[in-house]
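Single-structure report; data block below.
Derivation of every value follows stated rules applied to the coordinates shown; laboratory data play no part. Everything quoted here is computed from the prediction, not taken from an experiment. Don't worry about glycine lacking a Cβ; one is built from the backbone with ideal geometry, like all the others, and counts go over all protein chains shown.
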């Protein structure tokens, strides 16, 4: 059995490994594993972000995968500065909406900006919104809060959402930021 290659530090030219929220540097360590078939994972250990990748990956795939994990990690760190529960409570009061039982950031929302489960009064907000203007984040929260009252995207739903004064502007912003720009805003929330 061949031993696994030792972890190596990722070339900093390929990834700017600097925390945007604090400006503190961190190192990125890439670990190639023969046991890992397809998945990629990252974990912060001290001041090192350890990224585990399959051993068969090419240098270009490694570069792309590591850059993606660093981006995700930065977004996750930035979410600590935003109190979603407080924001949702304030917006619920302002627009006379129900406050959710829980609201949290989610890394795995890649095709929607937010997700509401009315039966549990549970809202998830995509970490892709980190760094967007606060009025866009507030729109997505209002959009999801409206789902606590109206499940679909019918006229009653939009009457609630459009009470948010920047809803039309936020929808335009989200469409521009979506992957193909031609998405229906209903499909993005």
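Here are the numbers for this structure:
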| item | result |
| --- | --- |
| Relative contact order [Cα under 8 Å, 6+ residues apart], the stretch 84-188, whole percent | 24 percent |
| Tensor-based shape of the stretch 84-188 (alpha-carbon gyration tensor, a/c under 1.5 rounded, otherwise prolate or oblate) | rounded |
| Mean Cβ count within 10 Å, highest first, over the residues of peptides 157-169, 115-127 | 115-127, 157-169 |
| Reference-scaled alpha-carbon Rg (2.2 N^0.38 Å with N residues) for the stretch 124-184 | 1.09 |
| Ranked list, fewest to most other Cβ atoms within 10 Å of each Cβ, for 147, 153 | 153, 147 |
| Length gained when the stretch residue 44-residue 60 is fully extended (0.36 nm per residue, less Cα-Cα span) | 3.5 nm |
| Residue order, fewest to most surrounding Cβ atoms within 10 angstrom, among 132, 73 | 132, 73 |
| DSSP-defined beta bridges in the stretch 84-188 - what % are antiparallel, rounded to 5 | 45 percent |
